[in-house]
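**Q** Got a structure for you, written out below as C-alpha cells; questions coming shortly.
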Amino acid sequence: MSADDLSRAFERHSTSKISDTDDLNAILTFGFRGEALPSISSVSQVEATTNNGDTGHRIFIDNGKKRDVVRFARNKGTTIHVRNLFLKTPRV
C-alpha cells in the first residue's frame, strides 16, 4: 500500500465498501471497513510496515497518537505488530 493508504488505514471511517450511489440501495456486505485498525491502535502500540513494490513505509501509533509515516526498507508486503494491548486502559 502507498504511504497515504498506510496512514489512512488508521483513521476512523476513512474507507468504505460503497463504490457508487447505487450500492446504497443494495448493500450486500456486513459491517464497515476502517474500524478495526483505528480501534486497536487507540488502546495499544501499533507498528505497521508496508512495501507496495516501489517504496517501503512505516508508521507507529501509540495509544491513538499517530506519528508520521517514514520511509522504511522491507520486502514487498504488509506487516502489523500490536504491542501492549489495553496497557493504558483503566481497570475496574
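No lab work stands behind these numbers, since they all come straight from the coordinates. It should be emphasised that the depicted structure is a prediction, and the values quoted were computed from it without experimental measurement. Virtual Cβ from ideal backbone geometry, glycine too; neighbours counted across all protein chains shown.
**Q** What percent does the relative contact order of the chain come to when contacts are Cα pairs within less than 8 Å and at least six residues apart?
**A** In percent, rounded to a whole number, it is 28.
**Q** Once you put a point 7 Å from the Cα of Thr89 and another 7 Å from the Cα of Leu24, both along the Cβ direction, what distance in nm separates them?
**A** Placing both labels 7 Å beyond Cα along the Cβ direction yields 3.5 nm.
**Q** A further question follows. So what is the orientation-averaged projected area of the chain, using the convex hull of its C-alpha atoms, in nm²?
**A** Values: hull surface 30.9 nm².
Averaging across all directions leaves 7.7 nm² for the Cα convex hull.
**Q** Treat the count of other C-beta atoms within 10 Å as a stand-in for reagent exposure and order Arg91, Arg67 from fewest to most.
**A** Ordered by Cβ neighbours within 10 Å, fewest first: Arg91, Arg67.
**Q** Here's a follow-up. Among Thr78, Thr21, Thr49, which one shows the highest mean-square fluctuation when the chain is modelled as a Gaussian network with alpha-carbon springs under 10 Å?
**A** Thr21
**Q** What nm value, rounded to one decimal, do you get for the distance between His81 and Asn63 when each label is placed 7 Å out toward the C-beta?
**A** It works out to 2.0 nm between the two label points.
**Q** For the charge dipole of the chain, defined by +1 on Lys and Arg C-beta atoms and -1 on Asp and Glu C-beta atoms about the Cα centroid, which residue among Ala26, Ser14, Ser42 has the Cα displaced farthest towards the positive pole?
**A** Checking the options against the dipole of the chain, the answer is Ser42.
**Q** Mind giving me the nanometre distance, one decimal, between the label points for Arg71 and Ser42, set 7 Å out from Cα along Cα→Cβ?
**A** Modelled inter-label distance: 3.4 nm.
**Q** Dipole magnitude of the chain about its Cα centre, charges +1 at Lys/Arg Cβ and -1 at Asp/Glu Cβ only, in debye to the nearest 20?
**A** On the way: 14 positive and 11 negative charges, 125 e Å.
In total the dipole reaches around 600 debye.
**Q** Subtracting the Cα-Cα distance from 0.36 nm times the residue separation, let me have the gained length for Thr55 to His13 in nm, one decimal.
**A** Answer, rounded to one decimal: 12.5 nm.
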